[in-house]
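Below is one structure; the comments refer to it alone.
The values are calculated or read from the model by the stated rules, or taken from the named source; none is laboratory data. Just so you know, these numbers come straight off a predicted model, no measurement behind them. Virtual Cβ from ideal backbone geometry, glycine too; neighbours counted across all protein chains shown. Heavy atoms of the whole protein, side chains included, go into the accessibility calculation; ligands, DNA and RNA do not. Shrake-Rupley method; radii C 1.70, N 1.55, O 1.52, S 1.80 Å.
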Amino acid sequence: MKINEVILQSVSKIVVFIILTLALYLFFAGHNAPGGGFIGGLVLASSFVLMLLAFDIETVKKGIPVDFKLVAASGALIVLLSGLGATILGEPFLSQSFAYFDLPFYGEVELTTVTIFETGVALAVVGVVVTIILSISEDV
Amino acid sequence: METVIIIVAGVLVTVATYLLLSKNLIRVILGTAILTHAVHLLLMAMGGFKGESVPIISDKHTTYVDALPQALILTSIVISFAVTAFFLVLAYQVYKRTNTDDLSKLRGYRHE
Amino acid sequence: MNNLIVLPMVLPLLTGVFIVFFKSYIQVQRWGTFILLLVNVGISVIILRQIQIDGIISIDFGGWAAPFGILFVADSFAALLVLTTNIVSAICVLYAMPTIGKRRETFYFYPFVNFLVAGVNGSFLTGDIFNLFVTFEVMLLASYALITLGGTRLQLKESLKYIAINVVSSSLFLIAIAYLYGTLGTLNMAHLSMRIAESGQTPLLTVISLLFLIVFSLKSGLLLYQWLPGSYSTPPTAIAALFGALLTKVGIYALFRTFTLLFYHEQQITHTLIAIMAGVTLIGGCIGAIAYNNIRQIVAYNVVIAVGFILVGLAIMNTTAIEGAIYYLVHDMIVKALLFLLAGTMIYLTKSEKLDEMSGLIRNYPSLGWMFFITVLSLTGIPPLSGFIGKVLLGQGAIVAESYILLLLSFMSGFVVLYSLLRIFMSCFWGETIISEEEETPLSKKVIFPSAILVVLTFALGFGAESIAPYVQDAAYTLTNPSVYINAILPD
């Protein structure tokens, strides 16, 4: 039986972008407020899951031709390297630092190395979650 | 508040134990998931609640809760998430290979 | 501040992640892992030597000072075990290369081995009890993946049991940590030890310690070993050897750490219980080792016996016995890996696991036969092989402490080990050969070479006992004097 998915598909086309925006917001909010790499990554992954639900796997794979195992691996790599980066400067493993910069148009912005670490976490979460979902759903 | 949470954790442990002892594989997995959630509640209760405080130091809040248990819970949630996901994939694979999710039919080494 | 001691955990993680990108380049995966493990061996030797000069080394992650941040601590005990872990896993990887099969290799076998090693090394080095939980989970997740890898039906069935029991025991671990944090308000092990000593280990703390005892007993197979023989005998040989050599040892390490550093005030309760559990484990392991006709099962039950034997040292709890237990722990990691590899090779050659389906192997494969014989001697503790010194010291400690029942049980278990393995030796290697020269599976040098290295190591450890003695003595001294550990972490 073919189910008509037109409503789900057209709604999710818009909702995916809202979710992605929320994910980015949560990701950057995580520095001083609830949020962060893990939660941002989970929300990001949920948008992929929504796409997988609304469309079939082949379409999504054609649209996003990325191996999510490698996404997870690169995320973990970023986490580890950002931890090891501190050791090169003689600081203890996983040390972080931050500084304030004056950017044009934005004014004073706080930039911190934790963001690199969090990027890694987010990528790892997205990679792992989507890999798990795909590995279950692929051969049904 | 602590009392309520502790009781809820106890109830969850009971449920988890019941599920863990059943013969259905999916129930066992759900049991382990519920057990970890019960433990998370316990961890939270161990940190104390202090009314409605949040684990953030800022100008708006005068009292704040110990943030460490929350960090522990977050770590543990991540781990249990990974373990449960892996366990579910495994259960699915087992079901595909053996066509059963009844644990008494999934006896191992000596019965093969 | 010394970043060196995070490397034994971080480097395997890094390599593991890195070689995921080389899925189809198996050679890169193989030798990347092997070279990494050799580098790790070098690093752990440096750490071990530095501890002798500077005392216990520790590092606070991100500069968050103890007791607030998480930290890694390397004392001689941890560094010795890290060293042995890396040596043994390097050799198991060497054995895996020709035997594990292409399918498993392309399905991320090597990354998982790296993660396993990272988890094991991390568990040895961490100085924070919650961090111990996390590194345990890293190790267990890798082991879940390894035990199901390749997924034969039997493997899947046994791994269900293994995973279920470990998930439940991890939850118990977390409960114990929650209670500990609720009562003492800290998770740093040195700080915990200090606060427990201040309170004189109240009954509440003793109850929590028993919860920890149950958790680590489940992980190490002390008394609660019923899951162990099944799950250790289904995966392929290289993986089983890694498990047999490393996984239970992490549980044993955790028991040693918690019951020498934290909960050592109520020994008549906790250590008596450990003694009883160790005794029952010895008896149960012996029964299992004699009862079965399947080589893999016999070998797996030998792991159980060793767990009981090592924990007798903890139960006796004097410096000599602990020294003996440490010697035996290092010895056992090497020899158990050897035993698993040899048993696996026998099964690979004869395509059978049953004792009565093999005979006269020594005519076909003399080198294998003699290596097996040396392993038997080493496990029984015949001088000059590596098992001897540990057994002597442990026995000495038992006599000093006047715990004659434990002494009797642990030495009787030696005879059972000898009997169970000689049974394999006699029925499989002696007698008329049933494999004619035409149908003989060729034994390639690549398969036998890793076992040969381990045989050399057991000799080296036996003859060179004198040279590692200072490290072992230092380790035992640190274990029996918690103040050394505490002062190194919290100087004031």
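Do we find a residue being open to solvent by less than 10 Å² (accessible area, probe 1.4 Å) and more than 21 Å from residue C:471 (Cα to Cα) anywhere in region C:320-336? Scanning region C:320-336, I find at least one residue that is open to solvent by less than 10 Å² (accessible area, probe 1.4 Å) and more than 21 Å from residue C:471 (Cα to Cα), so the answer is yes. Annotation: of all residues in region B:62-103 being closer than 30 Å to residue B:50 by Cα, in contact with a helix residue (DSSP H, G or I) (Cβ under 8 Å, 6 or more places away or on another chain) and open to solvent by 70 Å² or more (accessible area, probe 1.4 Å), the one that is farthest from the other protein chains (Cβ to nearest Cβ) is B:70. Restricting attention to region C:70-112 and to residues that are open to solvent by 10 Å² or more (accessible area, probe 1.4 Å) and within 14 Å of chain A (Cβ to nearest Cβ), the residue that is nearest to the chain's Cα centre (by Cα) turns out to be C:112. Selection over region C:222-262 of residues that are charged (D, E, K, R) and within 15 Å of residue C:128 (Cα to Cα) gives a count of 1.
Considering region C:209-266, the qualifying helices (runs of 4 or more DSSP H), each wholly inside and each with 2 or more residues that are over 20 Å from residue C:196 (Cα atoms) and touching a Cys at 6+ places or on another chain (Cβ under 9 Å), run over C:237-242.
Screening residue B:58 against (1) under 24 Å from residue A:136 (Cα atoms); (2) out of contact with any helix residue (DSSP H, G or I) (no Cβ under 8 Å at 6 or more places or on another chain); (3) open to solvent by less than 50 Å² (accessible area, probe 1.4 Å) leaves a single unmet condition, (1).
Any residue in region C:182-205 that is assigned to a helix (DSSP H, G or I), within 11 Å of chain B (Cβ to nearest Cβ), open to solvent by 30 Å² or more (accessible area, probe 1.4 Å) and within 24 Å of residue C:489 (Cβ to Cβ)? So far as region C:182-205 goes, yes, one or more of its residues are assigned to a helix (DSSP H, G or I), within 11 Å of chain B (Cβ to nearest Cβ), open to solvent by 30 Å² or more (accessible area, probe 1.4 Å) and within 24 Å of residue C:489 (Cβ to Cβ).
Can you find a residue in region C:94-116 that is over 30 Å from residue C:443 (Cβ atoms) and touching a Leu at 6+ places or on another chain (Cβ under 9 Å)? Within region C:94-116, one or more residues are over 30 Å from residue C:443 (Cβ atoms) and touching a Leu at 6+ places or on another chain (Cβ under 9 Å). Here the condition is being within 9 Å of chain A (Cβ to nearest Cβ) and surrounded by 16 or more Cβ atoms within 10 Å (Cβ to Cβ); of C:47, C:59, C:26, C:51, it holds for C:59 alone. Only one entry in B:106, B:12, B:41 is within 20 Å of the chain's Cα centre (by Cα) and either within 10 Å of chain C (Cβ to nearest Cβ) or surrounded by fewer than 17 Cβ atoms within 10 Å (Cβ to Cβ) (or both), namely B:41. The listed residues are C:133, C:115, and the only one of them that is of a type outside the set (S, T, N, Q), within 19 Å of the chain's Cα centre (by Cα) and either more than 11 Å from chain B (Cβ to nearest Cβ) or over 21 Å from residue C:213 (Cβ atoms) (or both) turns out to be C:115. Applying the condition of being crowded, with 23+ Cβ neighbours inside 10 Å and modelled with pLDDT of 90 or more to region C:351-388 and asking which residue is nearest to residue C:417 (Cα to Cα) yields C:379.
Could you go through region A:29-44 and let me know if any residue there is out of contact with any Lys or Arg (no Cβ under 9 Å at 6 or more places or on another chain), more than 11 Å from residue A:126 (Cβ to Cβ) and among the polar types (S, T, N, Q). Checking region A:29-44: at least one residue is out of contact with any Lys or Arg (no Cβ under 9 Å at 6 or more places or on another chain), more than 11 Å from residue A:126 (Cβ to Cβ) and among the polar types (S, T, N, Q).
The condition of being acidic (Asp, Glu) and either free of Cβ contacts under 8 Å to residues at least 12 places away in the same chain or buried (at least 16 other Cβ atoms within 10 Å of the Cβ) (or both) holds for only one of C:438, C:432, that being C:438. Which of the residues belonging to region C:149-181 are within 23 Å of residue C:92 (Cα to Cα), open to solvent by 20 Å² or more (accessible area, probe 1.4 Å) and at the interface with chain B (Cβ under 7 Å from one of its Cβ atoms)? The answer is C:154, and nothing else. For region C:243-263, indicate whether the set of residues that are farther than 16 Å from residue C:379 by Cβ and without any contact (Cβ under 8 Å) to a residue 12 or more places away in the chain is non-empty. Within region C:243-263, none of the residues are farther than 16 Å from residue C:379 by Cβ and without any contact (Cβ under 8 Å) to a residue 12 or more places away in the chain. For region B:15-33, the tally of residues that are open to solvent by less than 30 Å² (accessible area, probe 1.4 Å) and over 14 Å from the mean Cα position of the chain (by Cα) stands at 2.
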